[in-house]
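Before any comments, here is the structure.
The values are calculated or read from the model by the stated rules, or taken from the named source; none is laboratory data. None of the values given here were measured: they were computed from a predicted structure. We place every Cβ from the backbone using ideal geometry, glycine too, and count neighbours over all the protein chains shown. Each accessible area value is taken on the protein alone, full model and side chains, heavy atoms only, with ligands, DNA and RNA left out. Shrake-Rupley method; radii C 1.70, N 1.55, O 1.52, S 1.80 Å.
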Amino acid sequence: MCCDLKRRFLLLYATQKGQAKAIAEEIWQQAGAHGLEADMHCMSEMDKYDLETEKAPVVIVISTTGTGDPPDTARKFVKKIQDRTLPPDHFAHLQYGLLGLGDSEYTFFCNGGKTVDRRLQELGAQHFYNTGLADDCVGLELVVDPWIDGLWLALKEAFLLQKEKEGMSSVVNAVSSSHSVAPPIVHEPNLSSQVENLKIEDEGVRSSDVLSQKLDDICLAASTIDTEPSLVHSVPPVSQSALNVPALPPEYIEVQFQDTHGENPHPSSLISEGSTFEVPVTKAVQLTREDAIKTALLLELDIADTIFDYQPGDAFCVMCPNSANEVEELLHVLGLSEKGEYFVSVKVKQGTKKKGATHPQHIPERSTLKFILTWCLEIRAVPKKAFLRALVECTRDAGEKRRLQELCSRQGAADYTRFIRDSNVCLLDLLRAFPSCKPSLNLLIEHLPKLQARSYSVSSSNLYRPGKLSFVFNIVEFPVCPSRRVSRKGVCTGWLAELVAPLVHPTENTVDTKGGSFSTEKV
């Protein structure tokens with residue numbers, strides 16, 4: 001399919017929230033610089049690839065969702081390969097490398113990737129590159145970056161081995177095949193989700209981190225402030241290093257402002273799967289004392305008029321909006337305060353270089369800018385390095401531009417983890433810290449993920465309280481830190497707490513004639 005100058009490999013991804021897709025796109029972008037061509041497809045697009053006849057190496061990037069399940073986009077694929085009638089040599093011709101994404105805070109870490117990896121092995125497929133398991137709990141990039149770095153040599157060796165096989169006689173070819181069962185050890189990085197097992201290339205960065213920690217521990221005086229790194233300030237060796245930054249992601253979204261006439265879609269229309277109900281809150285109780293470290297609330301919902309059936313412990317999802325104050329502030333920082341109520345049209349940019357660019361499914365064809373920022377985009381998401389790279393191009397100040405380059409570079413990996421990831425920094429925090437950065441609206445739509453509904457466990461029984469559903473949660477708190485100037489509450493728990501505040505702390509206006517509290521709020 002491709003000439004020798006552009007050797008082709010198949011690149012498959014299966015994503016739930018967009019991380020696996022973003023990593024696959026990074027691999028796709030880097031492939032050209034290594035003289036390779038990545039034939040990239042979502043795993044769900046089974047009509048566009050065929051592993052049963054695939055001769056080229058296969059690279060798979062797959063996330064995990066729920067309680068260890070493969071993402072929705074991998075369900076058909078997994079069901080197909082789980083067919084127990086398939087012979088043990090069904091994929092004996094296949095060479096692959098797999099990168100799994102997961103979170104070690106959950107019991108079944110990276111189980112989506114492990115499930116696919118294990119089944120491909122059972123069906124005779126061989127690794128040309130060792131499996132990588134990246135942990136979102138400590139930072140995906142700690143495994144993802146070195147895994148991608150080592151991928152190119154492993155791919156080229158796989159192509160060389162394939163070429164040698166093609167040139168040999170059938171006898172020699174059979175012998176070669178028997179030897180190729182064992183993957184080439186020299187190109188298998190010893191990757192682990194555990195940070196202590198990772199080899200950090202830049203020992204200077206490691207030394208800087210250790211020094212920084214010691215300085216923090218002994219609380220040096222203000223005279224040492226300039227020697228301490230921060231979100232906006234770097235120190236040697238990072239500040240003096242030549243930087244390896246990611247490729248600039250191609251823009252693919254075009255936004256046009258229209259008029260202010262019309263109605264926004266109902267938020268429930270943003271849910272493509274499952275049933276959605278809007279139900280009233282009938283009860284809210286604070287379970288902890290006012291001086292408790294965490295505030296726990298119990299909410300009761302009236303589901304009598306729905307067909308919502310549950311067992312104790314079942315999970316359900318609550319659709320929540322972003323904070324209205326944060327949306328207003330974001331509009332102000334972007335210089336779009338007067339455009340909030342304008343309807344916008346979002347289209348794929350003509351001539352974009354982004355492979356497979358499509359209209360984001362979570363963005364309505366027509367809605368106001370404020371609706372998109374409130375109900376569609378996760379404005380609290382920790383910015384990925386690709387987003388930081390794009391923000392560099394929107395920053396005027398040379399010092400701020402350099403620092404953003406450092407934070408998305410390989411040399412600044414430790415700073416990214418410390419000052420962005422571990423500090424739960426969001427877009428607003430970055431725009432406050434780097435005031436000359438003025439991203440366009442299309443950039444936000446391209447890089448901010450979908451605002452996800454939040455999952456909670458039922459803490460009631462339909463037998464004891466028919467037509468009622470209760471759940472308990474702690475109000476998540478994000479205190480002020482050096483990278484974040486303001487404290488925040490969790491997106492959903494903060495919204496729910498504000499919503500039911502009249503029930504938790506009733507006033508004369510929220511007490512009915514019988515002395516009980518009433519609420520007209522719905523979720």
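Once the C-beta distance of residue 106 and residue 76 is scaled by a Förster radius of 22 Å, the resulting FRET efficiency is 0.40 to the nearest 0.05. On the basis of the beta-carbon distance and an R0 of 22 Å, residue 341 and residue 432 show a calculated FRET efficiency of 0.35. Rounded, prolate or oblate, given the Cα gyration tensor of the chain, with a/c below 1.5 counting as rounded? Taking the square roots of the gyration eigenvalues as a ≥ b ≥ c, the chain is prolate. Element breakdown for region 7-162 at a 1.4 angstrom probe: carbon and sulfur atoms account for 51% of the accessible area. With protein chains left intact and a 1.4 Å probe, residues in the chain average 52 Å² of accessible area per residue. Charges were assigned to the Cβ only: +1 to each Lys and Arg, -1 to each Asp and Glu. The resulting dipole of region 381-523 about its Cα centre is roughly 440 debye.
Give, in nm to one decimal, the length gained when the segment between residue 33 and residue 463 is fully stretched (0.36 nm per residue of separation minus the Cα-Cα distance).
Fully extending the segment from residue 33 to residue 463 adds 148.5 nm.
Within a straight-line Cα-Cα reach of under 27 Å, residue 156 can be paired with the following lysines, leaving aside sequence neighbours fewer than 8 residues apart in one chain: 6, 21, 48, 55, 114, 165, 199, 353, 354, 355, 385. Sorting 418-429, 103-114 by their mean Cβ neighbour count within 10 Å, with the most densely packed peptide first, gives 418-429, 103-114. The residues packed around residue 338, meaning those with a beta-carbon under 13 Å from its beta-carbon, carry a net charge of 0 if Lys and Arg are +1 and Asp and Glu are -1. For region 278-327, a/c is not less than 1.5, where a ≥ b ≥ c are the root eigenvalues of the C-alpha gyration tensor, and a/b does not top b/c. That puts it in the oblate class. Straight-distance candidates among the aspartates and glutamates for linking to residue 522, with alpha-carbon spacing under 12 Å and chain neighbours fewer than 8 residues away dropped: 278, 300, 302. As a calculated quantity, the FRET efficiency between residue 122 and residue 289 at R0 = 35 Å, using C-beta atoms, amounts to about 0.05. Cross-link reach is defined here as a Cα-Cα straight distance under 15 Å, omitting same-chain residues fewer than 8 places apart; for residue 347 the aspartates and glutamates meeting it are 251, 254, 365, 446. With the highest mean first, a sort of the peptides 472-478, 259-265, 144-150 on other beta-carbon atoms found within 10 angstrom per residue produces 144-150, 472-478, 259-265. With viscosity 0.692 mPa s and temperature 37 °C, the Kirkwood radius over alpha carbon pairs of region 4-147 converts through Stokes-Einstein to a diffusion coefficient of 215 µm²/s.
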